[in-house]
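Before any comments, here is the structure.
The values are calculated or read from the model by the stated rules, or taken from the named source; none is laboratory data. Given the structure is predicted, the values throughout are model-derived calculations rather than measurements. Reconstructed Cβ throughout: ideal geometry from the backbone, glycine too, with neighbour counts over all protein chains shown. Keep in mind that these areas ignore ligands, DNA and RNA; they rest on the heavy atoms of the full protein, side chains included. Shrake-Rupley method; radii C 1.70, N 1.55, O 1.52, S 1.80 Å.
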Amino acid sequence: MITIIAGPLSCLPLMELVAAPSKLPGRNAPSIGCDTLPGRQNQIATVPLKWPVTYKSFPRRVCSLRAVLKDRHTSADRVREMPSQWSQSFELSSLTALSPLDGRYWGKVKELAHYMSEYGLIYYRVLVEIKWLLKLSEIPEVVEVPSFSAESRSFLQRVIDGFELGDAEEIKNIERVTNHDVKAVEYFLKKKCQSQPEISKVLEFFHFACTSEDINNLAHALMLKESMDEVILPTMDEVVSAIALMAKNNAQIPMLSRTHGQPASPTTLGKEMAVFAVRLSRERRKVSQVEIMGKFAGAVGNYNAHISAYPNISWRVVAEEFVKSLGLNFNAYVTQIEPHDYMAELFDSITRFNTILIDFNRDIWGYISLGYFKQITKAGEIGSSTMPHKVNPIDFENSEGNLGKANAGLSFLGKKLPISRWQRDLTDSTVLRNMGEGLGHSLLAYKSALQGISKLQVNEVRLNEDLDQTWEVLAEPIQTVMRRHGVPEPYEKLKELTRGRAVSEESMREFIDRLVIPDEAKQRLLKLTPRSYTGAAAELANNVDAAIKLRE
């Protein structure tokens, strides 16, 4: 007989499992199915098997393993056929990481690892478990957990503050036995606190009346809250501020607009940058305004276990106080899980910020292509492997690509996470482990955009060349002044002059001279040039700081 667990067999490498059936967990393996219902084993099928194993050995309902459990002899043969450098056991490094976030780009995103890695998840689980024990010690009706002394409280805080990678590794070792990640945290804390006399008397109140999701949902919420507050939002602010600075520094520099790709009424470079700064700041505010929620209501959201043990305590009030003490917003109406609606809202807001930044990246890419910007290079850098003259806009391209990758992942999370069958299914558990991917690609994209911006140098000569060659853009103000002064068919007259014809400064001035309009109006038009016809663009660019209001 062999027990097949519907989940990753993370305690043993796959090759060992296939080649050595004795290492597979058996019927009596010391694993835990549900931390609040001791007799229940989740998603486990027991199947009679004979070795060697192929997928045909399994009933239809477990044939999903066909891609995993192959004939062990065939697998061994394949290993022998591999080149020697492939068959060696790879250790995780920047060269062997499956995700470029953990490999090539690690140096640019590693600040997220404290919050978004499995270490971060374990750390916040430890924090929540300890904080819950401390909360129980403050409830007078829970006489079995008396108020802790300052020494005991300090001891527990040191466990949180001193939590290190070695502690997380110890919890993972426990998990290899329990096959339950949250229960492993509880066992770790019991062992850790045995030496403290006061706490050792109440070890069974770690995880009191909790289901795993009580701990997990708060841990995930704290992961998001602190990664947003400490990493993502500050970097978003840097992007907005950098673009706003571009707006102010270039407020007066005229630039030819293009609508539908065609020359249009002039603007200033600064004003076009101000548009992006304001759009991004608006979405950034929406990101920061999302209420990050938490629940702490037991196995199905009703405080069933709590009330069975202490029926006279208002557990809903206790739970709300506890969740809010962690800096989170309380959700009273839940099933076993917090429904994750706030996560969908948060990820959707981030994707909107990212989409606007994609728009910015593409516009800057186009302006570089037109020659409106030069890129400052560093000694030794190569723009193209075959064309020495090129300096490619790689930072903006990198940013755009990673924003697309981030949005794909975040959009999936936003669509999937609010859906859970009945009072809960486990599909959210594995999906939530990918939050760091979407945020990581976003962070990488923000930093790439910032790096690209730092290399930009405005090419005013090129900007002026385009303006000086497009006098036809003055058709708009001329026909508008003609309308004011009652000249018939002004649009049609300018259309005849400009459409499909080369328009020069001389031909435009000749047209103005022939107009029958007041002399004052005519003189204003004669003074007009494509460079000066920018309306309120400079004023809008200079006022960008008042418009972005980053921290409101």
- Item | Per-residue SASA entry for residue 200, accessible area with 1.4 Å probe, Å² rounded to 10 | 40
- the range 389-430 - Rg and Dmax from Cα coordinates, angstrom: 17.5, 62
- Computed over the range 96-142, the convex hull of the Cα set has an average projected area, in nm², of 4.0
- Item | Computed Kirkwood radius, in angstrom, where 1/r is averaged over Cα pairs of the range 402-538 | 20.3
- Query: Short version: what are the Cα gyration tensor semi-axes of the range 347-482, square root of 5 times each eigenvalue, largest first, in whole Å?
  - Reply: 41, 24, 9
- Message: Could you work out the pair-distance distribution P(r) of the range 304-348 from its alpha-carbon pairs, with 10 angstrom bin width and percents rounded to whole numbers?
- Response: 23, 46, 24, 7, 1
- Residues in the range 130-155 reached by a label modelled at residue 308 [backbone nitrogen below 20 Å; 7 Å Cα→Cβ]: 142-145
- Query: What do the square roots of 5 times the Cα gyration tensor eigenvalues come to for the range 138-193, in whole Å, largest first, as semi-axes of the equivalent ellipsoid?
  - Reply: 26, 15, 7
- Query: How compact and how long is the range 451-496, expressed as Rg and Dmax of its alpha-carbon atoms in Å?
  - Reply: 17.4, 53
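Suppose the chain between residue 190 and residue 332 were pulled fully straight at 0.36 nm per residue; how much longer would it get relative to their current alpha carbon spacing?
Details: separation 142, 0.36 × 142 = 51.12 nm, distance 2.94 nm.
Full-extension gain reported as 48.2 nm.
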- Space enclosed by the convex hull of the alpha-carbon atoms of the range 298-378, per residue, Å³: 147
- Query: In bins 5 Å wide, starting from 0, what share of all Cα pairs of the range 116-241 does each bin hold, as a percent?
  - Reply: 2, 10, 19, 21, 18, 12, 8, 4, 3, 2, 1
- Task: Sort 413-421, 274-282 for me by packing, meaning the mean count of neighbouring Cβ atoms within 10 Å per residue, highest on top.
- Result: 274-282, 413-421
- Query: Across every pair of different alpha-carbon atoms, what Kirkwood hydrodynamic radius in Å does the range 223-361 reach?
  - Reply: 18.3
- Please state the equivalent ellipsoid semi-axes for the range 428-481: what are the square roots of 5 times the Cα gyration tensor eigenvalues, largest first, in whole Å? 47, 19, 6
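Over all alpha-carbon pairs in the range 253-320, figure out the percentage whose distance exceeds 13 Å. It would help to have the intermediate numbers written out before the result.
On the way: 1738 of 2278 pairs.
Tail of P(r) above 13 Å: 76 percent of Cα pairs.
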- Note on the structure: Expected sort for 238-250, 501-513 on mean C-beta neighbours within 10 Å, highest first, is 238-250, 501-513
- Note on the structure: Mean Cβ-within-10 Å packing, highest first, puts peptides 255-262, 299-306 in the order 299-306, 255-262
- Task: Stick to the Cα atoms of the range 205-266, pair each with every other, and give me the Kirkwood hydrodynamic radius in Å at one decimal.
- Result: 16.3
